[in-house]
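Remarks on the structure that follows.
The values are calculated or read from the model by the stated rules, or taken from the named source; none is laboratory data. Owing to the predicted nature of the structure, the values given are computational and were not obtained by experimental measurement. Here the Cβ positions follow ideal geometry from the backbone for every residue, glycine too, while neighbour counts run over all protein chains shown. Calculation scope for accessible area: heavy atoms of the full protein, side chains included, ligands and nucleic acids excluded. Shrake-Rupley method; radii C 1.70, N 1.55, O 1.52, S 1.80 Å.
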Amino acid sequence: LAHRGSGLLTAGGRQPAAVHALVHLMNQALGNTGKTVSYLRETAVADGLNDLQDLVKAMQAGQVETLVILGGNPAYNAPADLDFASALAAVPSTIRLGLYEDETSAACTWHVPQAHFLESWGDGRAWDGTVSVVQPLIAPLWSGRSAIELMAAFAGEERSSGYELVKAGYGEDVWRRTLHDGVMAGSALPLETPGAGGGWIGGDLSALAAVAPADEALEYVFTPDSKLHDGRFAGNGWLQELPDPLTKLTWDNAALVSPILASRLGVTDGDTVQVQVGGAEMELPVYQMPGQAADSVALALGYGRDFGHPVADGVGFNTYALRRSGAMHTALGTISGAVGKYTLSSTQDFHAMDDRGAKEVQDRAEEFIREVEADAWFHDPEHAMHGGHKLPDADLWDPLKYDGDHAWAMSIDLNRCVGCAACTIACHAENNMPVVGKDLVDRGRDMHWIRVDRYFSGSPEEPEVRFQPVTCHHCENAPCEQVCPVAATTHDDEGLNVMVYNRCIGTRYCSNNCPYKVRRFNFFNFHKEESATTKMAYNPEVTVRARGVMEKCTFCLQRISQAKITAKNEGRKLKDGDVVPACQQVCPASAIRFGDLSDDNSLVVGQRTDLRSYTM
Ligand code: SF4
Ligand code: SF4
């Protein structure tokens, strides 16, 4: 009320239409509509669920002779009560276009390999309706077809290539201009300002009463997984092994419960419980999550696959089996006490920077993450500098001399970091890191060069969460270097702590002596027996490490070299921003800055001189 016309209310995508209608009315009443909130009319509204229900009925009644499925994976993730897989078996001819052979492909007569969007021509609309053309980056690796190419073939179209099909929708001039600009000028949809009655923002408010939980019931919330989404990425080992931003679980999903509910049930992390939702029953491991509402259980979708895939099969639990068409986002159900045990691999307590044991790291979080309320900060802007221990005046070693042209450094703004772990996965892709699997992750042998530590503070009911990406600090007098018996890890003249892989004999002394616990060891040869496609995914600029060799963040040395070569070819000096490590490149919050400390005008120097800046 105090901010009429400048506030904003939103409702989560899982909320029923009635809640969205209420939020619309509230924005309207607060004068936000047309100022902070604007509306677009959907151009193609499909009622997916009702259409699917009608289709399944027709399939069961023998009214469908040929079914073409473009993408999706309904045999796996259609609402359980529809039993799509059985209905599919009743259709004489079934054709599935898909990126992967999965549960739906296995149940169809034909599987047509689909070209990836990076291999195809297409077009689409941005959030505001602006039309843009999708251009392929490479020719299809395995002769895949896009959906428009397949449909054109069925329709007897003369044009067969995706390029011709997309181009035909534009005039020659518009096509050239759109390709050149990347977007079609003037194609944004007009904004609309619906009235309070709305009409097209519908929703039956009485529906809200139906979701109020009964005394004994818990609310189960189905969520897309933070990594596998709806399961479409289950075959991607990078994502399976990426720790979830909050739970830090790898290679699994679990029933997320509040610590209060866990204590009420007498269960702890890794205990399995029997859950009953919508007439279906399933045994699931529980994992406690501060901030989870006490009467609510979150279930990530996308796991529990069974389609003969070497990575996806048998990982986690198929919670789609609990999801019915009447309750796609939330459902009421019950939960038992502990009925068994299950191993969950959460990386949060690995690589603890503390000699008192991993569990006590949480106690020291305020040393690692120096934090103050904004009001207090204005009175004490040097707050961040007061924390931590004071360095002794004398050092056993001489200060490091930077003899090269640069002094590379990284700074991460914790105020900006949202803990998404995009930096971790970008580093994984850029630097040819292996995927080691759940068993080895459980032994603390995950290979990520930049991890994102997560700390909770406050009460379990209303916690606050902090994220802290931790990578090699490229310490000036690096503790790892001092203990390496063969000088396999050394400093270069630009301040980088580098690894000489073929000199490393694998004593792991360096890892033991690293205070930040950022070194990773190749316990096995993780790169043998890889498919041709997997090999194609490797970055040719980065060595693939062998068994028995230590590895860690290089500050993307290959990108530094590339930037130097480019600058040299252009006859100029390297300038700030020329070198962008992979983690910095993908960070959606621009939290990571990298640059040259010897350049006073560099962004990284700017961040270092910020009063909020401290070294960990
Ligand atoms: Fe410092 Fe550890 Fe990096 Fe060595 S590996 S430079 S000790 S952070
Ligand atoms: Fe934080 Fe950026 Fe890394 Fe995401 S990508 S975890 S926001 S530093």
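Points worth noting:
- Summary of packing: across the peptides 189-195, 88-94, 19-25, the per-residue average of other C-beta atoms within 10 Å ranks them, highest first, as 19-25, 88-94, 189-195.
- Protection proxy ranking of 440-446, 414-420 - average other beta-carbon atoms within 10 Å, highest first: 440-446, 414-420
- A crude spin-label estimate for the pair residue 90 and residue 142, with each label 7 Å from Cα along the Cβ direction, gives 3.3 nm.
- Difference of contour (0.36 nm per residue) and Cα-Cα distance, residue 61 to residue 118: 16.6 nm
- Only protein atoms count toward the accessible area here, which uses a 1.4 Å probe; on segment 274-313, the carbon and sulfur part of that area reaches 44 percent.
- Taking other residues whose beta carbon is less than 15 angstrom from the beta carbon of residue 449, and scoring Lys, Arg as +1 and Asp, Glu as -1, yields +3.
- Loop-located GluC sites (Glu not before Pro) across segment 539-616 with a Cβ neighbour count of 10 or fewer within 10 Å are 570, with loop assigned by DSSP.
- Per-peptide average of other Cβ atoms within 10 Å, ordering 63-71, 249-257 highest first: 249-257, 63-71
- Relative to the compact-globule estimate of 2.2 N^0.38 Å, the Cα radius of gyration of the chain comes out at 1.08.
- Those GluC sites (Glu not before Pro) in segment 148-189 that DSSP places in a loop and that have at most 10 other beta carbons within 10 Å: 158
- FRET efficiency, 1/(1 + (r/R0)^6) with R0 30 Å, evaluated for residue 339 and residue 373 via beta carbons: 0.10
- Alpha-carbon Rg/Rh ratio, for segment 13-137, with Rh computed the Kirkwood way: 1.09
- Cα pair distances exceeding 20 angstrom across segment 482-616, given as percent: 59 percent
- The magnitude of the dipole of the chain, with charges of +1 and -1 set on the Cβ of Lys/Arg and Asp/Glu and taken from the Cα centre, is near 860 debye.
- Taking Lys and Arg as +1 and Asp and Glu as -1, the other residues whose beta-carbon sits under 14 Å from that of residue 259 total -4.
- With the convex hull of its Cα atoms as the shape, segment 379-504 has an orientation-averaged projected area of 12.6 nm².
- The chain - accessible surface per residue (Å², probe 1.4 Å): 53 Å²
- For residue 345, neighbours were defined as the other residues whose beta-carbon sits under 10 Å from its Cβ, and their charges (Lys and Arg +1, Asp and Glu -1) total -2.
- Over segment 259-334, the Kirkwood radius and the radius of gyration, each from Cα atoms, give a ratio Rg/Rh of 0.98.
- Helix runs (DSSP H) in the chain reaching 15 Å along axis by Cα, Kyte-Doolittle at least -0.5: 17-29, 48-60
- Taking the protein heavy atoms of segment 23-119 in the context of the full set of protein chains, the accessible area attributed to carbon and sulfur is 55 percent at 1.4 Å.
- On the principal axes of its alpha carbon atoms, segment 533-600 extends 41, 31, 25 Å, with the longest extent given first.
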